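Heads up: the structure comes next, in C-alpha cells.
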Amino acid sequence: MRESNKDKVQRTKDKGRRTKDKVRSPSFVIRTSSLPTSPRKSWDHYFMDIAQLVSERSTCLRRRVGAVLVRDKRILCTGYNGAAHGLDHCDEVGCLRDKLHIKPAERIEICRGIHAEQNALVQAAAFGISVSKAMLYCTHEPCITCTKMLLNAGIRQFVVKEPYPDKLGRKMLAEAHIKVRRPV
C-alpha cells in the first residue's frame, strides 16, 4: 500500500513525538565546543607547515628539506630533496658525502640528490608553471646553487624555518636585496 503525500507530511511532522517511528540519528556529531577556539594560522605558518609535510618525502640521510613556491596565496609547486629521477635513493645506497666526511655547504656537487628548491623549480618547468614573483617557503635556507637558480627564476621573497651553513648563499641574497625571513 502506497503512502499518500498527506500521510508523509504528517509522519514527518510527528516524527519527533511518535515512538513507533524509528528516528535515525547522524553517524557523527559535531561538537562546537571541541573545535579549536584559537585564531587561524597565519599564511606563513600554513605554507611552512606544508613545506614541513613535503619534507617527509625526502630520502636524504643528512637533512629533510621541503620547499613550496606560492604566488597570491596559491601553491604553484612543491619539492623535496632526494635522488634524481631513476637513481637509487641515498636511504637505499648510503650517502657519499658522509663516507667522504664532507661538511654541509661544501662540495655540494658530490651528492646524488637534488635539493628541494631545485626540485620545486624543475616540477614547475615540467608542467609549464611560471614561478616569477612567487614566494619560497622552505624548511631550510637555500644553498648557493639554489639561491642562484631561485633568483634567476624570479623568486624575490624567501621564508625559511632553519638556517643552512652557506655564508656565500646569504651574501648573494643580500647583494640581490632579497630579505630572508622566518615565518610570522
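For the reader, a short list of remarks on this structure follows.
- D_trans [Stokes-Einstein, Kirkwood Rh over alpha-carbon pairs] for region 115-184, 4 °C, 1.567 mPa s, µm² s⁻¹: 107
- Here Cys95 sits with roughly 20 square angstrom of accessible surface, probe radius 1.4 Å.
- Solvent exposure of His45, expressed as accessible area, is near 80 Å², computed with a probe of 1.4 Å over the protein chains only.
- Accessible surface for Asp91 stands near 90 Å², nearest 10, in the context of the full protein assembly shown (1.4 Å probe).
- Whole-number D in µm² s⁻¹ for region 49-184, Kirkwood Cα-pair radius fed into Stokes-Einstein, 37 °C, 0.692 mPa s: 220
- Here each label is just a point 7 Å from Cα along the line to Cβ, and for Asp98 and Met172 those points are 2.7 nm apart.
- Pairs of lysines in region 60-173 (C-alpha under 27 Å apart; 8 or more residues apart or interchain): 16
The values are calculated or read from the model by the stated rules, or taken from the named source; none is laboratory data. Here the structure is a predicted model, which means the values were calculated and not measured. Reconstructed Cβ throughout: ideal geometry from the backbone, glycine too, with neighbour counts over all protein chains shown. With ligands, DNA and RNA removed, areas are computed over all heavy atoms of the protein, side chains included. Shrake-Rupley method; radii C 1.70, N 1.55, O 1.52, S 1.80 Å.
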